[in-house]
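Structure, as structure tokens:
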Amino acid sequence: MTADTPRRTALARRLADLSPAQRAQLERRLAERERTGARRPATRIPPRAPGAEPLPLSWSQEHMWHRHRADPSGAAYLVPLRVRLDGDLRIEVLRAAFRDVVSRHEILRTTFGETDGVPYQLVHDDLGADVEFGDLRGAGDTEAVVAARLAAEAARPYDLAEGPLLRAVLLRTADDVHVLSLVLHHILTDEQSTGLLLAEFVEAYERRLLGLPAAAPPRLQYADFAVWQRSGQGAGTVAADLRRSVRRLAGMPDGIRLPADRPRPPRPTGRGGAVGATVGPQLWRLLRELARGEQATEVMVLLAVFQVLLRDVSGQDDITVSMPTAGRGHPDLEGVLGCFFNTVAVRCDLSGTPAFRSLLRHVRTRCLEAYDDREVPFTEVVEAVTKGRAENGHPLLQTMVVFEREGAGRPAEFAGLRLTPLPAPTAHRAARAKRDLTVQAVDQGDTARLTLVYDADLFDPATAEGILDRYTALLSSLVRDPDGRLTPPDGR
């Protein structure tokens, strides 16, 4: 057995578990990577030089640091990861595996400070991170007690200067049933990293059970990337990409006219609300088939429908919606834990009431253009487009579409255990409204869960329900009849 055998075995399992739709998605991503290969850096990211301190924050981390300073007690920037474990769980082995993962990745042992308003990060040898244990077998309503405890963990804020910035709690609900909760600050992680973290934990647990040594630290740590990015070596064509992004967004409207119940307050509170819906198996299958037939992705279909909705409620044809991206353009970053996310803006022209299929092709083209500029920090795009006068009501900051996959976390078997991911509650997703309206879609395999997060300063719950109802109705009609022409807004 080589040192990489467990990792290859885990990868093989994950590939074997992919559904046909997920395999098709992977093939499209690989094809797209090949298409844009000329833009990818040819040189590897080097580990930082010894003693290279103070360590800078990456662009994504600095964005999150400013967000935290603006709302240090908010839960919107905490990332909960919770799983159910069925079987003969060895608690001390789990604790040791957790310590192994924390030891392996510097980002999990990092805190943040500032000097004269400039933030920096500190990597510690040991922050004392451990797994807290609670035995709930004697609790009355175990399900309610567990839900309350998980909600409390996901709402407890962090001080970025005091670590560790992750909490682990293991709750025993029956002799062979446990719930493991991990809560990290977003400055440490992103969606891809949470999946990597879970896979690393599984491997570390198996290694401990087999008496194997802990996996060696990776060649590259997150702080290495931050140093490389800030040194200018990671900038590449960022300046040219920024100019192209600004040209693409030039002349956009001052705002999207949304059906708000109240005027925008002078000082937004960030209070959020959320309403939810489910996309059933048949519609979700049709959506995937439409996306595959147009060499698009599910999120492109969801975005196109959202833009039709925004056109209908605003009476405007020039619609811009932002979307988060993985921010891992360099191949060296694919297995690194950390906060890499960025945001891109997708601007589309919906004039002429085309057929939805034609609009989807247009949206796909605009998405690929935006993805080509995904290395440009979104804050710089906003600054350049608004000339430093950005307000919450600007189209770049009004609406967003977020797409996540829960399918990668389907029940998995390992070391005599069955691991089942548990979704974060809707209330957590609505802890803070980052946009006026955000459509969040979670792929659950055969179905999808939709959540509309809204700014409670602007919208009442009933209005948000009506907007989501209208979105789901459009989604159904447009996906089922993509060749029908779009209805002009307001009878035009």
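The values are calculated or read from the model by the stated rules, or taken from the named source; none is laboratory data. In this text the structure is predicted, and so the values were computed from the model without any measurement. Here the Cβ is made from the backbone with ideal geometry for all residues, glycine too, and neighbour counts use every protein chain on show. Heavy atoms of the whole protein, side chains included, go into the accessibility calculation; ligands, DNA and RNA do not. Shrake-Rupley method; radii C 1.70, N 1.55, O 1.52, S 1.80 Å.
Structure notes:
- Residue match in segment 39-52 (condition: in contact with a strand residue (DSSP E or B) (Cβ under 8 Å, 6 or more places away or on another chain), at pLDDT 50 or above and of a type in the set (A, V, I, L, M)): no
- Test: residue in segment 110-121 that is open to solvent by 40 Å² or more (accessible area, probe 1.4 Å), in contact with a helix residue (DSSP H, G or I) (Cβ under 8 Å, 6 or more places away or on another chain) and more than 20 Å from Leu196 (Cβ to Cβ): no
- Summed over segment 339-385, the residues that are over 30 Å from Gln121 (Cβ atoms), in a helix (DSSP H, G or I) and not β-branched (Val, Ile, Thr) give a count of 12.
- Hey, Leu333 of a type outside the set (D, E, K, R), open to solvent by 10 Å² or more (accessible area, probe 1.4 Å), in contact with a helix residue (DSSP H, G or I) (Cβ under 9 Å, 6 or more places away or on another chain) and touching a residue at least 60 places away in the same chain (Cβ under 8 Å) or not: no
- Against the test of being over 19 Å from Glu200 (Cβ atoms), in contact with a helix residue (DSSP H, G or I) (Cβ under 9 Å, 6 or more places away or on another chain), open to solvent by 40 Å² or more (accessible area, probe 1.4 Å) and not acidic (Asp, Glu), the options Ala144, Ala155, Ala161 yield a single qualifying residue, Ala155.
- As for segment 184-206, it holds at least one residue that is at pLDDT 95 or above, open to solvent by 30 Å² or more (accessible area, probe 1.4 Å) and over 28 Å from Gln440 (Cβ atoms).
- Filter result for Pro164 (closer than 20 Å to Asp332 by Cα and not in a helix (DSSP H, G or I)): no
- Restricting Glu369, Glu404, Glu375 to residues that are modelled with pLDDT of 90 or more, open to solvent by 20 Å² or more (accessible area, probe 1.4 Å) and acidic (Asp, Glu) narrows the list to Glu369.
Conditions (1) part of a strand (DSSP E or B); (2) under 24 Å from Glu203 (Cα atoms), marked per residue:
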| position | (1), (2) |
| --- | --- |
| His63 | no, no |
| Ala75 | no, no |
| Val79 | yes, yes |
| Asp100 | no, yes |
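- Residues of segment 81-94 that turn out to be open to solvent by 10 Å² or more (accessible area, probe 1.4 Å), in a helix (DSSP H, G or I), out of contact with any Lys or Arg (no Cβ under 6 Å at 6 or more places or on another chain) and in contact (Cβ under 8 Å) with a residue 40 or more places away in the chain, as a count: 1
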